[in-house]
1. Which of the residues that make up the stretch 277-301 are open to solvent by less than 10 Å² (accessible area, probe 1.4 Å), in contact with a Lys or Arg (Cβ under 6 Å, 6 or more places away or on another chain) and within 18 Å of Val173 (Cα to Cα)?
2. Hey, which of the strands (runs of 3 or more DSSP E) in the stretch 479-591, taking only ones fully inside, have at least 1 residues that are in contact (Cβ under 8 Å) with a residue 24 or more places away in the chain, among the small types (Gly, Ala, Ser) and open to solvent by less than 30 Å² (accessible area, probe 1.4 Å)?
3. Are any residues in the stretch 230-273 open to solvent by 50 Å² or more (accessible area, probe 1.4 Å) and among the aliphatic types (A, V, I, L, M), and if so, which ones?
4. Spot the failing condition for Arg459; the list is (1) open to solvent by 40 Å² or more (accessible area, probe 1.4 Å); (2) among the basic types (Lys, Arg); (3) in contact (Cβ under 8 Å) with a residue 60 or more places away in the chain, and only one is missed.
5. Out of all the residues in the stretch 167-179, is one or more of a type in the set (D, E, K, R) and touching a Leu at 6+ places or on another chain (Cβ under 9 Å)?
6. Determine, yes or no, whether Arg556 is of a type in the set (Lys, Arg) and in contact with a strand residue (DSSP E or B) (Cβ under 6 Å, 6 or more places away or on another chain).
7. Could you identify the single residue in Phe223, Phe207 that is under 26 Å from Asn529 (Cα atoms), modelled with pLDDT of 75 or more and open to solvent by 20 Å² or more (accessible area, probe 1.4 Å)?
8. Scan the stretch 391-410 residue by residue and report those that are within 30 Å of Gly442 (Cβ to Cβ) and open to solvent by 40 Å² or more (accessible area, probe 1.4 Å).
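The values are calculated or read from the model by the stated rules, or taken from the named source; none is laboratory data. Computed from a predicted model, the values in this text were never measured in an experiment. Here the Cβ positions follow ideal geometry from the backbone for every residue, glycine too, while neighbour counts run over all protein chains shown. The area values use the complete protein model at the heavy-atom level, side chains included, leaving out ligands, DNA and RNA. Shrake-Rupley method; radii C 1.70, N 1.55, O 1.52, S 1.80 Å.
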Amino acid sequence: MDSRVSELFGPGSGHSPGSNAAGGFGVAPKKAHPKSNKRAKGRGSRNFKPNNNPPYLPPEAEEGNIEYKLKLINPTQYRFEHLATQMKWRLQEGRGEAVYQIGVEDNGMLVGLSDEDMRASLKTLHRMAEKVGADITVLREREVDYDSDVPHKIAEVLIRKVPDDQQFLDLRVAVLGNVDSGKSTLLGVLTQGELDNGRGRARLNLFRHLHEIQTGRTSSISFEILGFNSKGEVVNYSESRTAEEICESASKMITFIDLAGHHKYLKTTIFGLTSYCPDFAMLVVSANTGIAGTTREHLGLAMALKVPIFIVVSKVDLCTRATVERTMRQLERVLKQPGCNKVPLVVGSTDDAVMAAQQFAQSPNITPIFTVSSVSGVSLDLLKVFFNIIPPLSNSKEQEELMQQLTEFQVDEIYTVPEVGTVVGGTLYSGICREGEQLVVGPTDSGQFHKLAVVSIQRNRSACRVLRAGQAATLALGDFDRSLLRKGMVMVSPEMDPTICWLFEAEIVLLFHAKTFHKGFQVTMHVGNVRQTATVVAVHGKEELRTGEKAVVRFRFIKHPEYLKVGAKLLFREGVTKGIGHVTKLQPVSQYQPPHSEDDEA
């Protein structure tokens, strides 16, 4: 199995566009911070002067949601107004969240404040937050040891806006891992607020089908929500809340996408990863079995799609300490191997969880590892701290740009609901969608688009009037004929001229193939929410491809045309064959052109 995996990862490391960026992101300095703190403490205790390499943070950035303040003591009214405006800007940059480092100079030097000054500064910060409609939570306080007799502290404070008009920050986390690693049980414990009984009681609420309850194995994609209010407290179903109440009181929402672990449901797992655009992936590994089954494959998929990944080692209550340590060593070995190039960061305290959340968002190499138990509740609070603090990957500027574009909604699920009619679930890729909006949906088998109207919108099981780019929701389409819809379609603004095609070209890397990859070979192609069999029409510049090789390949869909975009990431598979790449060229077709004309192959 190991050789298979090294082949799965190996080529990806050489050819994947993001891997070199990850490798050169300056992880070493990030790792060095905590160590330099410890070294500085040691020096301070031996009466060294404070200017001997004092502990530091990176210099403050103009953009982003992190602000350094040396102190905030009795500001004038004019200065206070300026500080409140600055806080508003930082909150906007972090889409409703900001982190203030108190006792830190703009160049990143940790100066620290006395207890009295710190209290006064936090009081001012609280007044500022009240003015802009936000709450503050002190994440951690650290002592900075200098030569003085009075201890100096720095504080890290999370500022979060109180939600208004359902505009909570929403992060999507895909849950991966081998079958029986405890994924659904962990989600059940986090979202229901009750520990498991050791026999799978916590996961029963997550299952969607009778056979899942009978076998205990997830076969479909289900969604669960975990909220945090503006003070950073957990908001879940524990107090008999409904999903609507959670949405109303939460400032930040974590939407878990529970995927299948069993190998025979791999296509469902890939669809969940490519279609729902998760911000992060949580790989659950059972402490007693270690890295087994589909664990490596899921890790490889997340890395191929460049989804930042963190690891949760579950079921630690079943094992001895030696077994847990063996699993941790196994994980660290896999994460450090070439092609992975990750820096494992084991989380053992609240301080570690805060640091892990911030470094994880800043550097794609950092991989936090948690050791938890869904039965005894060990370290679940650290996982909640991590979810509470973890910032969004996209900033407000990128979000604004997406919202300015024309509406494009990707159809991932189709239902018929009594007294409501046809309902579609999916993600709004760009633009804004409102109730009553007129859109067109397609392409059909003949390449056409049909007009429809959005009757109502639900997000996280509660009604919503406006849907913004990047948000997932279900749209009710009234009496629109369900038979005209299928997964992989898009609903777009009538002004958009969508490019649909049978034929497209892609630059691909063959991660693993038993023999050779050549003209006429058929693969299952995953591009966003599109999942369809495609035939290799031509391999440019080569007769055939072998494992690890890169080429531009022309593909043709075999059933119906699809809506694609140049630059879209793709992933294909067929048996043990796997490959990744991106779309480089589309050959648009008019709706009257015969799909399988021989001229296309010329």
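1. Val284
2. Working: elements: 490-492, 500-512, 522-527, 530-539, 550-557, 569-574, 577-588.
The strands (runs of 3 or more DSSP E) meeting that bar are 500-512, 530-539, 550-557, 577-588.
3. Val234, the sole residue that qualifies.
4. Tallying (1) open to solvent by 40 Å² or more (accessible area, probe 1.4 Å); (2) among the basic types (Lys, Arg); (3) in contact (Cβ under 8 Å) with a residue 60 or more places away in the chain, Arg459 fails exactly one: (1).
5. If we filter the stretch 167-179 for residues that are of a type in the set (D, E, K, R), which is where we start, we get 170, 172.
Filter once more, keeping what is touching a Leu at 6+ places or on another chain (Cβ under 9 Å): none.
Scanning the stretch 167-179, I find no residue that is of a type in the set (D, E, K, R) and touching a Leu at 6+ places or on another chain (Cβ under 9 Å), so the answer is no.
6. Working: of a type in the set (Lys, Arg): yes; in contact with a strand residue (DSSP E or B) (Cβ under 6 Å, 6 or more places away or on another chain): yes.
Yes; evaluated as a whole, the condition is true for this residue.
7. Numbers: Phe207 fails: modelled with pLDDT of 75 or more.
Of Phe223, Phe207, the one residue that is under 26 Å from Asn529 (Cα atoms), modelled with pLDDT of 75 or more and open to solvent by 20 Å² or more (accessible area, probe 1.4 Å) is Phe223.
8. Residues of the stretch 391-410 within 30 Å of Gly442 (Cβ to Cβ): 394, 398-410.
Listed by number, the residues that qualify are Glu398, Glu400, Glu401, Leu402, Gln404, Gln405, Leu406.
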